Amino acid sequence: MKDLFATCLKYQNNQLLILDQRRLPHEQHWHQCESDDDLVTLIQSLAIRGAPAIGIAASTWIGHLADSGASNDELIKSIHKLRVARPTAVNLMNYLDQMLEAIEQGADNIAISIMAEALFDEDVALCKLMANHGAALVPDKAKILTHCNTGGLATVGMGTAIGVIKAAHEQKKQIHVWVDETRPLLQGGRLTAWDMQQAGIPYQIICDNMAAMLMGKNEVDMILVGADRIAINGDFANKIGTYSLAVLAKHHGVPFYVVAPHTTVDKLCADGDAIPIEQRAADEVRGVSGNFGNCQWTPTDAPVFNPAFDVTPAYLVTGWILDKGVFNQQEIDAGALVR
Ligand code: MRU
């Protein structure tokens, strides 16, 4: 397989290397992926995260196994193991199902590794398309609020919502970004802040519960978020906290856009009720652990509810910024997500 380079992962000298996002922004540590189980652990512990990035890590690994001479049975077993590593982000299933179908239709190992390369290159191209469509909607001097992390750490290209922000910045628009810190795992405070700093984009971090106040003071001109799975009626799942931003945006008359490639659409999901929501460990909410120390501030064994995502209903969305253009509710109702 050819070498592939992204911010969050690289394939080099026949090795898949993952930038460990648990250690960012303070440490850049590359983890060499050694096995299916290794990659499942990296995905589940959010060493690699973000819907397209998870999917491309898995498809690149399958391409690597094919390139290393794995049998069809071995490839299929690996696909089944990886496919269920995280339940909400649908790119993982979409890419792996494509590979499974190809194997079942007789594709050989060379074809599977070429497919892995093509999926990687496609994500890079889709990000550019979304960024260009979205940047046209960003007014000069816009104050943009974003949630979670949707840039080069969450895709293998320039990103979804952050891709739009970067393109607007490259077009010399004087933007300011409000970065939601994104409790409980702080993808905003750790990763989006890092992205903004790397790109030289003016930003300020806010706690998630500060967004309403900013909108009430007319300090937010638009909201841009990514998606982990979009149903065909336009409802979509994204990082927990996205739904409350959409409600607040509607109340304050702030345009609310979701930015996602067609690879994040689930054509089998009629609406948001059909999207499975990942529940995560209680300790993520009880305190912090891992690279940032170990501290629990709740009573020991405090009961916790920890859904990783919520669903934003389509009626709260101003526009869907997709790789094939920007769509409104009428166009979504007319089938824009299934064509
Ligand atoms: O739990 P995470 O960090 O994988 O959640 C990521 C998100 O919710 C992103 O907004 C989404 O994957 C879109 S990223 C292009």
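The values are calculated or read from the model by the stated rules, or taken from the named source; none is laboratory data. Everything numeric in this text was worked out from a predicted model, so none of it was measured. So basically every Cβ, Gly included, is an ideal-geometry build from the backbone, and we count neighbours across all protein chains shown. When the accessible area is computed, the model is the full protein with side chains, heavy atoms only, and any ligands, DNA or RNA have been set aside. Shrake-Rupley method; radii C 1.70, N 1.55, O 1.52, S 1.80 Å.
What to note about this one:
- Evaluated over the chain, the Cα radius of gyration and Dmax, each in Å: 19.3, 60
- Which of MET158, MET93, MET99 is most accessible, then next, and so on - probe 1.4 Å: MET158, MET93, MET99
- Stokes-Einstein D (µm²/s) once Rh is taken as the Kirkwood radius of segment 33-154 over alpha-carbon pairs, at 20 °C in 1.002 mPa s: 139
- Base-10 log of normalised Debye intensity for segment 55-100 (one unit scatterer per alpha-carbon) at q = 0.15, 0.23, 0.25 Å⁻¹: -0.31, -0.71, -0.83
- Electrostatic bookkeeping for TRP297 treats Lys and Arg as +1 and Asp and Glu as -1; over the other residues with beta carbon under 15 Å from its beta carbon, the sum is -1.
- Taking amide H as placed 1.01 Å from N in the peptide plane, the amide H of LEU16 sits under 5 Å from that of CYS33, each at least 5 places away or on another chain.
- The angle between the Cα long axis of helix 90-104 and the longest principal axis of the Cα atoms of the chain comes to about 20 degrees, rounded to the nearest 10.
- Computed from backbone phi with θ = phi - 60° and the Karplus coefficients 6.51, -1.76 and 1.60, the 3J(HN,Hα) list for segment 172-182 is 6, 6, 7, 8, 10, 10, 8, 9, 5, 5, 6 Hz; x is used for glycine and proline.
- Surface share of carbon and sulfur [accessible, 1.4 angstrom probe, percent] for the chain: 52
- Over the C-alpha atoms of segment 212-339, the Rg to Rh ratio, Rh being the Kirkwood estimate, stands at 1.06.
- Backbone amide hydrogens, once placed in the peptide plane, bring ASN238 within less than 5 Å of ASP228, ASP310, THR312, excluding anything fewer than 5 places away on its chain.
- More than 21 angstrom apart: percent of Cα pairs within segment 148-305: 52
- For the chain, the longest principal axis of the Cα atoms and the long axis of helix 72-83 meet at an angle of about 20 degrees.
- C-alpha center-to-center spacing [segment 139-156, segment 281-310] in angstrom: 26
- Prolate/oblate/rounded label for segment 116-176 (Cα gyration tensor, a/c 1.5): prolate
- The residues neighbouring ALA237, those whose beta-carbon lies less than 12 Å from its own, together hold a net charge of -4 under the Lys/Arg +1, Asp/Glu -1 convention.
- Cα-based shape type of segment 228-278, given that a ≥ b ≥ c are square roots of the gyration tensor eigenvalues and the cut on a/c is 1.5: prolate
- Probe 1.4 Å, protein heavy atoms only - accessible area per residue of the chain in square angstrom: 41
- Take every DSSP beta bridge whose two residues both sit in the chain; close to 55 percent of them are antiparallel.
- Counting only DSSP beta bridges whose two residues both lie in segment 137-250, roughly 15 percent are antiparallel.
- Considering only segment 182-336, percent of DSSP beta bridges that pair antiparallel, nearest 5: 65
- Helix 51-67 axis, angle to the chain major axis (alpha carbon atoms, nearest 10°): 10
- Hz values of 3J(HN,Hα) by residue in segment 10-15 - Karplus curve (6.51, -1.76, 1.60), Gly and Pro given as x: 9, 10, 9, 6, 6, 10
- Convex hull of segment 129-232 built on C-alpha atoms - directionally averaged projected area, nm²: 6.8
- Net charge of neighbours whose Cβ lies under 14 Å from the Cβ of HIS80, counting Lys and Arg as +1 and Asp and Glu as -1: -4
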